[in-house]
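Data first, discussion second: the structure below is written as structure tokens.
The values are calculated or read from the model by the stated rules, or taken from the named source; none is laboratory data. As the structure is a computational prediction, the values presented were derived from the model and not from experiment. So basically every Cβ, Gly included, is an ideal-geometry build from the backbone, and we count neighbours across all protein chains shown. Just so you know, the surface numbers come from the protein's heavy atoms only, side chains and all, with ligands and any DNA or RNA stripped out. Shrake-Rupley method; radii C 1.70, N 1.55, O 1.52, S 1.80 Å.
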Amino acid sequence: MARTREEKEAIVQEVTQVAARAHSLVAAEYRGMSVTELTRLRRQARDYGVYVRVVKNNLAKRALDGTDYACAQERLIGPLLLGFSEEQPMDGPRLFRDFGKENELLELKFGAMDGAVLEVAEVRKLADLPTRDEALAQLMAVMRAPIEKMVRMTADIPGKLVRTMAAHRDRQQAAS
């Protein structure tokens, strides 16, 4: 059943609104996937904070026009599943990477971020980046390391002094 003009306009408007607030876009070919698999992907997408939508390419081109993802309009070819990361830029790439491990039919095609198209290798690198919380934890560990080392060294100074004095005392007692 063909969609009415109003339904198409609503789809374009919805995708435009999502694209305006999204941090990154990932496109993947879903050819051959069953409805059950697509439903499972959509369920996982909600957990990842990713808006996933299958949109006809001509409607997607209209929706992306005027957004940071307009650069990807030329790459919209074939049956594509679009994933917009709504919370962190690496959420969409991570979702598609993780889901692609269990389902070989999902094939990454490209990504987009900050007005630039990303090739598949770049999307995979983005998926491997730590989350914001992980990156902050790593930064804090790096910042804490020198302080902890200094505390251990200064705490060890009295112990070294005591051991040196005890060794000197033992040497004097042995000499007498």
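Assorted remarks:
- Carbon/sulfur fraction of accessible area - the chain, other protein chains in place, 1.4 Å, %: 54
- Within the listed set Glu86, Glu102, Glu148, the residue fluctuating most in the Gaussian network model of the chain (springs between alpha-carbon atoms under 10 angstrom) is Glu148.
- Note on the range 1-68: Kirkwood hydrodynamic radius from all Cα pairs is 13.3 Å, rounded to one decimal.
- Ordering 37-44, 122-129 by mean Cβ neighbour count within 10 Å, with the highest value first, yields 122-129, 37-44.
- Positive end of the dipole of the chain (Cβ unit charges, origin at the Cα centre): among Gly78, Met113, Ala60, the Cα lying farthest that way belongs to Met113.
- Amide hydrogen neighbours beyond the local backbone of Lys109, cut-off 5 Å, H modeled: Ala27, Ala28, Glu29
- Inverse of mean 1/r across different Cα pairs in the range 26-65, Kirkwood, Å: 11.4
- At R0 = 41 Å, FRET efficiency that the Cβ-Cβ distance of Met165 and Thr131 yields, to 0.05: 0.20
- Listed residues Thr131, Thr164, Thr16, most fluctuating in the chain (Gaussian network, C-alpha, under 10 Å): Thr164
- Per residue, in Å², the accessible surface of the chain once ligands and nucleic acids are set aside, probe 1.4 Å: 65
- Net charge dipole size for the range 37-142 [Lys, Arg +1 and Asp, Glu -1 on Cβ; Debye, nearest 20]: 400
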